[in-house]
1. Only four residue types carry charge here, +1 at the Cβ of Lys and Arg and -1 at the Cβ of Asp and Glu. Report the dipole size of the stretch A:55-184 about the Cα centre in Debye, rounded to the nearest 20.
2. List, in order, the whole-Hz ³J(HN,Hα) value for each residue of the stretch A:141-149 obtained from phi through the Karplus relation with A = 6.51, B = -1.76, C = 1.60 and θ = phi - 60°; use x for Gly and Pro.
3. Count, for each residue of B:71-79, the Cβ atoms from other chains sitting within 10 Å of its Cβ, then give me the mean as a whole number.
4. If you plug each phi of the stretch A:61-77 into the Karplus form 6.51 cos²θ - 1.76 cosθ + 1.60 with θ = phi - 60°, what whole-Hz ³J(HN,Hα) values come out, in order, with x for Gly and Pro?
5. I need A:HIS227, A:HIS127 ordered by Cβ neighbour count within 10 Å, fewest first.
6. Just counting partner chain Cβ atoms within 10 Å, what average do the residues of peptide A:111-123 show around their Cβ?
7. In terms of modelled amide H atoms, which long-range or inter-chain residues lie less than 5 Å from the amide H of B:SER50?
8. What does the structure give for A:140-148 when I average, per residue, the other chain Cβ atoms found within 10 Å of the residue Cβ?
Amino acid sequence: MSRSVRVVLAVTLLAAAVPAEAFVRSTTVSGQPGQGLCLYWNTRQVTYKVNATSAIAPPCQVASAAEALTAASFPAWTPSCTDFQFVNGGPSTSTAVNGLDGVNLVVFRSGLCSDLGCAGNACATQHNCWDHGSVGTIALTTTTFVPSTGQITDADMEIYGWNGSTGGASGLPTGFYLTCASPASTTCARPPYGLTGCTYIDVGNIVTHEAGHMLGLDHTCSYPAPHDSCPSANASDPNAPTMNPEVLPGETGKRTLAPDDVNGVCTVYPLGAATATCSSVTPPAAKSGGCSTGGVGGEAMGLLGVSFMIARRLRRSRSS
Amino acid sequence: MRKLFALAAALATASPAVAAQAVATSVEDLARASDVVVRGRVISTTARWSEGRIYTFAEVQVSASLRGTAPARITAITPGGVVGDVGQRVDGAAVFTSGEEVVVFLGRSQGGTYRVNGLAQGKFAVEGKVARPDVSRLDFVANQVRAGERRAEAMSVDELETRVRSAR
């Protein structure tokens with residue numbers, strides 16, 4: 001085996017060993033990670049407030065427990081490789097999701113606005129009800145940004161909890177049973193719920209995931225190439241990213257970041273270095289599409305490119 | 001050497017392409033939760049502020065009413081959009097594009113407007129004979145749907161319409 005072949009092989013094996021980036025950045029074009037500009041905060045300290053006391057039935061049966069677990073969940077996004085930090089601004093009684101107020105609110109809602117005969121943000125604010133439909137969604141993050149730059153100016157998180165009703169016309173409870181124990185000990189069949197057909201959700205799990213959206217990350221394992229790299233789509237796998245969109249009832253695994261999540265926050269907000277905007281992190285293959293991170297393993301492809309360059313230089317040196 | 005490079009490239013770019021396997025809401029549940037379900041074409045989209053939030057108002061020219069009674073033209077509201085120098089992104093919300101054909105699950109709202117039910121699960125884009133929701137931004141709870149029902153996922157338009165019409 002010639003020297004050039006050995007070098008290429010060695011570098012290539014190294015390239016293959018580098019884990020592909022899977023994290024995906026949110027952009028100004030929702031649902032299109034290859035279009036628009038990446039979203040980012042221009043500060044490394046983002047203050048949030050929590051309202052767990054305005055729900056009809058307290059989340060986790062005790063609102064203070066939900067507040068405490070919420071506060072304990074945000075710091076997961078400050079691993080040692082970043083100086084980005086969510087700062088706990090304390091409890092709030094606000095129920096207003098307002099993209100212009102600069103208050104980053106985590107609010108636990110309960111009951112359907114439609115059951116109260118009203119709709120819209122004013123209704124949700126007045127009654128602290130869920131205004132995003134009766135089916136499917138546990139939590140929702142609304143991120144307000146400057147379209148021309150991608151800079152985030154406000155982020156609010158709404159969580160849809162059980163309202164204490166033992167079942168509506170459908171016989172199913174309204175909202176999701178929120179739990180705070182670790183591991184989750186409360187299930188649908190246990191008191192105080194005692195109902196079947198419900199879904200119980202760990203507050204830490206869902207807050208940590210939604211906090212990833214608040215800082216500017218999108219889902220992993222959800223998009224076609226070049227954003228299709230996926231460490232694990234199985235929520236029960238400890239290597240599955242927090243930004244994986246699948247949630248298991250009672251799952252607590254998303255409280256802890258996976259290596260890909262750490263890579264994501266530290267790539268966007270590297271310790272002691274400038275925030276990565278789209279242009280500085282766009283892989284060569286996706287430059288024309290605007291903002292893009294994750295997907296194809298950029299580092300691996302970079303090393304592969306190096307191997308080609310080394311081989312070419314070796315060939316040149318032999319021929320000269 | 002060329003073969004080696006080809007092998008090297010394949011090794012370096014190999015990555016698992018796995019989709020989330022979670023099950024969320026069934027088409028039938030969406031239909032039961034909706035006042036109207038229509039098929040039609042998006043004529044226009046307009047984003048505007050409402051009480052501190054940005055909503056996008058999509059005008060849909062209705063070609064068929066699959067459930068409930070719908071007017072010939074209906075306004076479907078979804079959170080998020082861009083107004084001037086402010087944008088709002090709501091992960092999980094339906095996104096409408098002018099000109100696309102859609103099947104949408106709607107609940108009555110104020111002023112004769114309708115809101116999309118189930119966020120992105122409540123809007124299917126019709127392409128040829130296939131209808132497909134864009135659920136890439138939704139968090140899915142791995143629950144099972146009822147026997148005989150099917151989750152909101154890509155399927156033939158005929159099957160989607162049949163499931164909507166037969167939901168009780």
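1. On the way: 1 positive and 8 negative charges, 46 e Å.
Dipole about the Cα centre, nearest 20: 220 debye.
2. 10, 10, 10, 9, 8, 8, x, 6, 10
3. Per-residue shielding by partner chains comes out at 1.
4. 6, 9, 4, 5, 5, 5, 4, 5, 5, 4, 5, 7, 8, 4, x, 4, 7
5. Placing the least packed residue first, the sequence is A:HIS127, A:HIS227.
6. 4
7. For B:SER50, the qualifying residues are B:TYR55.
8. So the per-residue partner count for this stretch is 6.
Throughout, read-outs are computed from the coordinates displayed, never taken from laboratory work. Treat the numbers as computed from the prediction; the structure is a model and nothing was measured. We place every Cβ from the backbone using ideal geometry, glycine too, and count neighbours over all the protein chains shown.
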